[in-house]
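One structure is given below, encoded as structure tokens.
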Amino acid sequence: MSDPHHITEPYDLTLPEQRHLAAGEYVLNTLSPKEKASFEALMAFSPDLQADVQQWREQLQVLDTSLKPVQPPAHLWKKIEQQIKPSKAGFSLKFWQLSAMVSFSFSLALATVLLIKPPMMNADTADHLYVVNSPEQKPAWLVNTSMDRSHLMVQTVKPASLPDGKVCKLWLKVGDQYAMVGVLPHSGLSKLSVPQWMQNQLVNAQIIVSVDPMDSDNNPDEMGPVVNKGGFTPLEGSLRRF
């Protein structure tokens, strides 16, 4: 069992329990902009997470339509906040407030969220996934393979800061052969081509992320410090293996 969510800390989306709580706050539209961006990036590749969001929507919609709005007195929340020890908080305070009130304003917010279709996994473009973590062990980039193995799609989540003139290079290694496939973007989505000779073995390749000068040669013998490495995980409808 992982530690409960701290009321001032972001969710760790690599943990199933925290992803479940984040799904609830996503539906309530109470995630911070950074949390929302990270959550949506993962949801785009996870049918399980999409189903979790839909379940929250259905449950909260039942509450919204079956319960009468109740507005707790303002001093009550202050007392709760004073009595809760952050390390023991199972939900963030904002989640408690919005879930319990089920007020008219919440009804409007929920209706707005229900109109937004969650990003769905595209079976033609997503197959295997690798999460590049930051030094703080938070998702920095999501790297997924195309079904035909011809390219990688890299989604920026929250990259680490780098010294001026330095970039993170993404390498693939099969056996004793290397290929530098591109530079990890600082924002947005990037499509990187995979060398043809490597495509058949792509999902078995080792992924290596190094920090190098922007204009350095793509020679593996001169590769800069390695900051992340690992292998692809099959996308079979679940992120719970992380």
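The values are calculated or read from the model by the stated rules, or taken from the named source; none is laboratory data. None of these values were measured; they are calculated from a predicted model. Backbone-built Cβ (ideal geometry, glycine too); neighbour counts: all protein chains shown.
Residues are listed down the side, and each one gets a yes or a no for (1) among the hydrophobic types (A, V, I, L, M, F, W, C); (2) assigned by TED's automatic domain parsing to the domain that holds Asn133; (3) at pLDDT below 95:
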position	(1), (2), (3)
Pro185	no, yes, yes
Lys191	no, yes, yes
Met198	yes, yes, yes
Val203	yes, yes, yes
Ile207	yes, yes, no
Asp215	no, yes, yes
Asn218	no, yes, yes
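For the stretch 146-196, what are the residues that are touching a Phe, Trp or Tyr at 6+ places or on another chain (Cβ under 8 Å) and aliphatic (A, V, I, L, M)? Those that are touching a Phe, Trp or Tyr at 6+ places or on another chain (Cβ under 8 Å) and aliphatic (A, V, I, L, M): Val154, Val157, Leu172, Ala179, Met180, Val181, Leu184. When restricted to residues that are in contact (Cβ under 8 Å) with a residue 40 or more places away in the chain, in a strand (DSSP E or B) and among the small types (Gly, Ala, Ser), the stretch 146-179 contains 0.
One residue stands out among those in the stretch 180-196 that are in a strand (DSSP E or B) and crowded, with 18+ Cβ neighbours inside 10 Å: the one that is nearest to the chain's Cα centre (by Cα), which is Ser190. Among the numbered conditions (1) under 22 Å from the mean Cα position of the chain (by Cα); (2) within 15 Å of Val132 (Cβ to Cβ), the only one that Ala205 does not meet is (1). For residues that are within 23 Å of Pro234 (Cα to Cα) and of a type outside the set (Lys, Arg), scanning just the stretch 160-175, find the one that is surrounded by the fewest Cβ atoms within 10 Å (Cβ to Cβ). That would be Gly175.
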